[in-house]
Amino acid sequence: MSTTTPWYAVFGQPVSHSRSPVIHAAFAAQQGTTLRYERMDCPSGGLRAALTEARTQGLAGANITLPLKAEAVSLCARLSLRAERAGAVNTLVPLSEGGWLGDNTDGAGLLQDLLARQQLAIAGRRLLLIGAGGAAAGVLPALLDQMPAMVAIVNRSPARAQELARRHGVHALAWEALSTAGSFDLVVHASAAGLGGTLPALPETLIAPGASACELSYGAAARPFLDWARAAGAKRVVDGLGMLVEQAALAYAQWHGTRPQTEPVYQQLRQDLPLP
Ligand code: NDP
């Protein structure tokens with residue numbers, strides 16, 4: 001019998017900014033327990049070796065963040081339906097027979113924040129998704145389930161937007177076409193540009209009267225897009241902090257069998273990370 005204490009981790013690069021250890025510690029505290037949750041810096045192509053090593057040391061569950069969500073798919077023995085639809089994995093659950101079950105809690109986490117906490121409507125709305133990486137892939141199926149009137153995707157690398165759009169039967173837009181693409185009721189920014197403090201040029205005409213804008217990042221990384229959205233006339237702006245807490249709660253439930261309360265943890269984090 002192993003004497004190794006079970007532990008949890010988030011794998012990605014960059015990962016030093018991740019709030020996941022704080023969130024999972026707060027969830028555990030609600031249950032009157034403690035847990036070990038580490039940040040594991042891991043480059044593209046390095047996930048298999050990192051997971052193999054970590055599992056020998058008692059890794060009992062993992063979150064996967066950028067840029068590893070697609071890479072994680074190929075390492076899983078099984079996928080949940082939502083991970084399969086997304087083609088991206090953000091949560092690994094150990095299987096008793098060995099190997100990992102890959103899940104994706106990003107989409108459900110985003111919906112929980114947008115619909116329940118922010119009281120935003122998606123059904124019947126025109127939606128623009130900016131980005132085509134792991135986060136965009138994770139949230140798109142969940143957004144489509146809400147029956148928006150139409151969905152368009154734009155990405156720095158057009159081929160990735162086209163592939164994601166083709167997979168889900170929605171529109172891919174070229175960046176140069178944005179100025180003539182009309183306006184959208186909900187613009188979701190799922191690119192990692194904000195982590196570098198930048199935002200690609202976006203025409204203000206994208207924001208329809210009364211529109212909402214949602215940035216999946218939080219903290220300083222969310223500022224460029226949220227500033228742009230406010231200047232373009234967005235009525236509501238939302239950052240990714242609520243989604244972060246909700247997707248973490250869904251992962252926690254997979255590992256521990258109990259769904260933690262998210263609102264106190266969200267409010268606690270919000271004190272440190274006000275909406276930029
Ligand atoms: P990936 O590395 O998988 O994808 C990155 C995406 O950002 C790609 O579409 C990439 O375009 C685009 N991109 C990167 N840099 C730039 C730039 N300078 N200009 C324009 N586009 C750029 O990352 P993820 O999809 O996993 O993460 C994206 C963001 O979402 C991150 O900021 C992450 O923190 C956030 N996130 C938040 C979550 C939450 O719970 N709140 C959950 C998941 C993610 P290209 O294809 O051309 O490379």
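Quick notes on this structure:
- Label sites at residue 166 and residue 78, each approximated as a point 7 angstrom past Cα along Cα to Cβ, lie 3.1 nm apart.
- Label point at residue 123 placed 7 Å out along Cα→Cβ; residues across region 145-159 whose backbone nitrogen lies under 18 Å: 145-151
- Think of it as helices only: each DSSP H run of n ≥ 4 in the chain is worth -39500 (n - 2.57), and spread over all residues that comes to -10000 deg cm²/dmol at 222 nm.
- Using the 1.4 Å probe convention, the accessible area of the chain works out to 43 Å² per residue with neighbouring protein chains retained.
- For region 208-247, the alpha-carbon radius of gyration amounts to 1.15 times the rule-of-thumb value 2.2 N^0.38 Å expected for a compact globular protein.
- Net +/- balance of residues flanking residue 117 in space, Cβ distance below 10 Å, scoring K and R +1, D and E -1: -3
- Residue 270 versus residue 179: modelled label distance in nm, points set 7 Å from Cα along the beta carbon direction: 3.9 nm
- Surface composition of the chain: carbon plus sulfur atoms contribute 52% of the solvent-accessible area (1.4 Å probe, protein chains only, all chains present).
- Overall form of region 132-243 per C-alpha gyration tensor (a/c, 1.5; a/b vs b/c): rounded
- Extension gain, residue 5 to residue 263: 0.36 nm times the residue separation minus the Cα-Cα distance gives 90.0 nm.
- Rounded to 10°, Cα long-axis angle of helix 47-56 versus longest principal axis of the chain: 30 degrees
The values are calculated or read from the model by the stated rules, or taken from the named source; none is laboratory data. Every value quoted in this text rests on a predicted model; they were computed, and no experiment measured them. No Cβ is skipped: glycine too gets one built from the backbone with ideal geometry, and neighbour counts run over all protein chains shown. Accessible surface areas use protein heavy atoms only, side chains included; no ligands, DNA or RNA. Shrake-Rupley method; radii C 1.70, N 1.55, O 1.52, S 1.80 Å.
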